[in-house]
Amino acid sequence: MMDILLVPIALVIILVMMHSWFGIRILQKGIIFTDLAIAQFAALGSAISLGYFHAEYFYALTLVFALFSAFIIAIASQRNIKLEAFIGLLYVLGASGIMMVLSHSAEGMEHFKSLLASDILFTPADDVIKSAVIYAFIALILWKVYPKLTGFLKELMFFSLLALTVTSSVALAGVLVVFVLLIAPALVSTSLKLNKSLLSSFVFGWFFSISAIIISYYFDLPTGYTIVFLGALLSSIIVLFSSKKAGQ
């Protein structure tokens, strides 16, 4: 059993660590659907690769579309507009684009399901190693370069690095898994006002992700959707019952 579960568990440990940092910053900025919109555009690039180029240029197209959406959001963040509504429009633009691209494909719906949440139980170890190298590079930039920037350049750096992270994550895990790993751990940590919010985000993210992998293995469930379901369920319950009534 452990031979099968070792690689997906290693993958979610890495994904949770990378996405929790971005998730906390996204909640601080108050633009919750940013990651979902970028992930949807990344998935649109993937869909174009699958629908028109027989899976060639997969990573390149995914990255280009993710970076394009990040650039648009960075510009929008500097304008006096309803940013969350604008990002919502980008999300539906990407989602509808995916359906249009894959509508003429014989395996269109299977591709669409995979783009939403992949079965990470059978992720190749080489893919995990490659992503770990990419995430380490991103973490180094966040540590050394990002704090020194200001204004538009800082916003552009943030969203570009988020896009680069999401590009790898969508290819490995899918749009919905990326969203729940970004938001659920950070939301629980900040809602409970725990000390060392990043570390507590890691712990909660690891708990529900690894639990979901084990559950999906024993009950023959789709791993990606199990992670999404369990993460969304647990975080919703925790946040709901730990919060105070409005006005208090």
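The radius of gyration of the Cα set in segment 69-193, together with its Dmax, comes out at 16.7, 49 angstrom. 3J(HN,Hα) along segment 136-142: 5, 5, 5, 4, 5, 5, 4 Hz, from the Karplus curve 6.51 cos²θ - 1.76 cosθ + 1.60 with θ = phi - 60°, whole Hz, x for Gly and Pro.
Annotated for the chain: lysine pairs at least 8 residues apart or interchain, Cα distance under 15 Å, count 4. Residues whose amide H falls under 5 Å from that of G174, counting only those 5 or more places apart or on a different chain, are S118, with hydrogens built in the peptide plane. With no solvent and one point per C-alpha, what does the Debye sum give as log10 I(q)/I(0) for the chain at q = 0.08, 0.13 Å⁻¹? For the requested q values the scattering log ratios are -0.29, -0.80. Projected over every direction and averaged, the convex hull enclosing the alpha-carbon atoms of segment 124-248 yields 9.9 nm².
Each residue of segment 112-124 was assigned a 3J(HN,Hα) from its phi angle through the Karplus curve 6.51 cos²θ - 1.76 cosθ + 1.60 (θ = phi - 60°); the sequence is 5, 4, 5, 5, 6, 7, 7, 8, 6, 4, 10, 5, x Hz, with glycine and proline shown as x. Using every pair of distinct Cα positions in segment 1-42, the Kirkwood expression returns a hydrodynamic radius of 11.9 angstrom.
Helix-only arithmetic for the chain: the sum of -39500 (n - 2.57) across DSSP H runs with n ≥ 4, divided by the residue total, places the mean residue ellipticity at 222 nm at -27500 deg cm²/dmol. Put simply, when 51-62, 68-79 are sorted by average Cβ atoms within 10 angstrom per residue, most first, you get 68-79, 51-62. So what is log10(I(q)/I(0)) for segment 43-129 at q = 0.21 1/Å, when the Debye sum runs over its Cα atoms only? Each listed q corresponds, in turn, to -1.05. Available extension along the chain between A136 and V203 is 22.2 nm, counting 0.36 nm per residue and deducting the alpha carbon span.
In order along segment 62-79, phi translates into HN-Hα couplings of 4, 5, 4, 5, 5, 5, 4, 5, 5, 5, 5, 5, 4, 5, 4, 5, 9, 9 Hz, rounded to whole numbers, per the Karplus curve 6.51 cos²θ - 1.76 cosθ + 1.60 with θ = phi - 60° and x for Gly and Pro. I'd like the carbon and sulfur percentage of the solvent accessible area for the chain, probe radius 1.4 Å, heavy atoms only, ligands and nucleic acids excluded. That fraction is 70 percent.
For segment 189-230, the Kirkwood estimate of hydrodynamic radius, built from reciprocal distances between every pair of different alpha carbons, is 11.0 Å.
The values are calculated or read from the model by the stated rules, or taken from the named source; none is laboratory data. Bear in mind the structure is a predicted one, so any value in this text is a computation, not a measurement. A quick note on method: Cβ atoms are made from the backbone with ideal geometry, for glycine too, and the neighbour counts reach across all protein chains shown. The area values use the complete protein model at the heavy-atom level, side chains included, leaving out ligands, DNA and RNA. Shrake-Rupley method; radii C 1.70, N 1.55, O 1.52, S 1.80 Å.
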